[in-house]
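A.B. asks: Pasting in a structure now, in C-alpha cells, and then I'll have a few things to ask.
The values are calculated or read from the model by the stated rules, or taken from the named source; none is laboratory data. The model shown is predicted, which means the values in this text are computed figures rather than measured ones. Glycine gets a Cβ as well: all are built from the backbone with ideal geometry, and neighbour counts include every protein chain shown.
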Amino acid sequence: MTGLMQGKRGLIMGVANGNSIAWGIAQMLHDHGAELAFTYQGDALGKRVKPLAEKVNSDIVIPCDVEDLESVDAVFETLKEQWGKIDFIVHAIGFSDKNELKGRYADTSRDNFSRTMVISCFSFTEVAKRAADLMTDGGSMITLTYAGSIRVMPNYNVMGVAKAALEASVRYLANDFGPSGIRVNAISAGPVRTLAGAGISDARMMYNYQRDNSPLRETCTIEDVGGTALYLLSDLSKKVTGESHFVDSGYNCVSMPTLENLAI
Ligand code: NAD
C-alpha cells in the first residue's frame, strides 16, 4: 500500500457484483488507504454488494436508485451525518433497454431515450451537485464512459448518445466546480465483461475485435480501470480536470483493423 488515498473518504456508486468496474476501482482505492461508502440498486443487488463492502471494511452501504431523486438525496444526507465531508465519488452507472441495444439507432423509442439519458447521463450531474456540497476541502469525481460516444459502435446506439452527453457534462461540471478545487473526469474504458456489458448485442464479438486490433492486443480489466481511477482520484492528477481518459489498450487511436486480421 502506498497510502496515496490515506485520509480520503468517498462514495462508490455502481457495484452490481464482483465483476463490476466500480468494484475494481473500490479495491484499488481501498488498497491505497481510502475509506469507502457504497450504494446499491435494489435489494437483490444489495445482497451482493454488502459482502463486497465488508471485504474493504466499509460499513456505509446505502440503497439508491438514481431514477428516484429522494433516494439520491438520502445518500448524501447519510454521508453528511456520518462523515461531514467527502473527498471523492465514483459514478459507474449506466442503463438502457437491451432491446434497443441492437439494430439501428434510428429506431430508439422516445421513452427509452429519456430513461437512458436520465440514468446514464443526468444522474451524474445530480450526484455531482450533491457531492460538491460535501467536498468542502476540494475533491475529485469520476464517471465511466465508452468510445461509442465519439464513433459509431455497432449496437451501442442510444448509449453512445448518452455517453457523448455525459462527456460534455464532465467538461461543464469541471468548469462549475473548478473554483472550489473540485476536479471532474471520465474514464473511457475498453470493453469489459460485466452485467451491463452483456446487455449490448454481440458484446463478445466487440470484446474480441477490440482486443485483437488494439496496439497492446489486450482487453482491459477492472484492475486496469482501478489503476487509472486511483490516479484521477488522488493528488497524482492534481491539475487534471474535464478529461475523458481512455483505458482501452490504445484501441481509440487505431483507424483500421490490423492487417493480419483482415480476410483479404
Ligand atoms: P455493471 O452492470 O457491473 O454496473 C452497472 C451499474 O449501474 C450496476 O451496479 C447497476 O445497479 C447500476 N445502475 C443501473 N441503473 C441504475 C439506477 N437506476 N440507479 C442506480 N444504479 C443503477 O456494469 P459495468 O460495465 O461495471 O458498468 C459501469 C459503468 O461503466 C457504466 O456506466 C458503463 O456504461 C460503463 N462502461 C462499461 C464498459 C464495459 O465494457 N463493461 C465499458 C466502458 C464503460
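A.B. asks: Mind checking which residues of region 187-233 are among the β-branched types (Val, Ile, Thr) and within 30 Å of residue 33 (Cβ to Cβ)?
C.D. replies: Of everything in region 187-233, those that are among the β-branched types (Val, Ile, Thr) and within 30 Å of residue 33 (Cβ to Cβ) turn out to be 187, 192, 194, 219, 221, 222, 225, 228.
A.B. asks: Where residues in region 177-196 are touching a helix residue (DSSP H, G or I) at 6+ places or on another chain (Cβ under 8 Å) and surrounded by fewer than 19 Cβ atoms within 10 Å (Cβ to Cβ), which of them is modelled with the lowest pLDDT?
C.D. replies: 193
A.B. asks: A further question on this structure: Could you check, for region 51-71, whether at least one of its residues is touching a residue at least 60 places away in the same chain (Cβ under 8 Å) and either within 12 Å of the ligand (Cβ to nearest atom) or within 17 Å of the chain's Cα centre (by Cα) (or both)?
C.D. replies: Yes.
A.B. asks: Which one of 21, 86 is closer than 23 Å to residue 173 by Cα, near the ligand (Cβ under 8 Å from one of its atoms), crowded, with 16+ Cβ neighbours inside 10 Å and modelled with pLDDT of 95 or more?
C.D. replies: 21
A.B. asks: Those residues that are closer than 30 Å to residue 200 by Cα, assigned to a loop (DSSP other than H, G, I, E, B) and out of contact with any Ser or Thr (no Cβ under 8 Å at 6 or more places or on another chain), I need them from region 68-102; list them, please.
C.D. replies: Scanning region 68-102 gives a single hit, 68.
A.B. asks: Restricting to region 179-229, what's the tally of residues that are within 13 Å of the ligand (Cβ to nearest atom), in contact with an Asp or Glu (Cβ under 8 Å, 6 or more places away or on another chain) and under 30 Å from residue 85 (Cα atoms)?
C.D. replies: Number satisfying all stated conditions: 3.
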